[in-house]
Amino acid sequence: MLDFWSPRLYNISMLNNKSEVKMLNSKYEVAEAKALELCQAIEEKHKVDWPTLPLNVYLKKGRKYIKIIRKNESQQCVWGFINLKNENFNVGDVLMAAGWNTPATNKARGNIVENDYKITGSRLYGPDYLK
């Protein structure tokens with residue numbers, strides 16, 4: 001498992017006590033585990049819909065977001081982002097990609113920590129659009 005939940009990622013002096021540090025670590029660890037599950041769900045859905053087309057889905061951690069990347073034989077694209085540190089969203093919010101390095105920050109498309117975010121056919125290429 002990736003080890004990117006180290007104390008240097010947030011300012012410990014801003015926290016009041018050690019129980020808040022544990023709570024933050026717990027939320028981030030849950031977000032990481034759920035992001036890995038989401039990658040697996042995207043791959044499984046792709047294998048069911050297109051069994052002959054190969055696809056790898058992996059995540060890349062940034063300072064504020066976890067980026068979920070879909071890769072086939074010849075190209076890569078960003079499926080979406082999982083929020084970690086953007087104060088305008090909750091930890092675990094699923095954000096649609098606005099570009100390779102930028103999420104669309106107009107509204108969250110769901111939350112993988114608080115809700116059971118499922119992949120359906122309409123979400124194969126990215127999080128649901130706003131309705």
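The values are calculated or read from the model by the stated rules, or taken from the named source; none is laboratory data. Everything numeric here is computed off the predicted structure, so don't read it as measured data. Here Cβ is always computed from backbone atoms with ideal geometry, including for glycine, and neighbour counts include all displayed protein chains.
List every residue pair whose Cβ atoms lie under 8 Å apart, where the two residues are 6 or more positions apart in sequence or sit on different chains, the first residue falls within the stretch 85-106 and is without any contact (Cβ under 8 Å) to a residue 24 or more places away in the chain and crowded, with 20+ Cβ neighbours inside 10 Å, and the second residue, located anywhere, is of a type outside the set (Val, Ile, Thr) and assigned to a strand (DSSP E or B).
As it stands, the answer is 89/83; 89/95; 93/83; 93/110; 93/111, since those pairs meet every condition given.
Mind checking which residues of the stretch 83-96 are within 11 Å of the chain's Cα centre (by Cα), hydrophobic (A, V, I, L, M, F, W, C) and either under 14 Å from residue 31 (Cβ atoms) or in a strand (DSSP E or B) (or both)?
84, 91, 94, 95
Matching residues to (1) on the phi < 0 side of the Ramachandran plot; (2) at pLDDT 90 or above; (3) in a strand (DSSP E or B):
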{"site": "46", "(1), (2), (3)": "yes, no, no"}
{"site": "60", "(1), (2), (3)": "yes, yes, yes"}
{"site": "74", "(1), (2), (3)": "yes, no, no"}
{"site": "81", "(1), (2), (3)": "yes, yes, yes"}
{"site": "101", "(1), (2), (3)": "yes, yes, no"}
{"site": "115", "(1), (2), (3)": "yes, no, no"}
{"site": "122", "(1), (2), (3)": "yes, no, no"}
{"site": "126", "(1), (2), (3)": "no, no, no"}
{"site": "131", "(1), (2), (3)": "yes, no, no"}
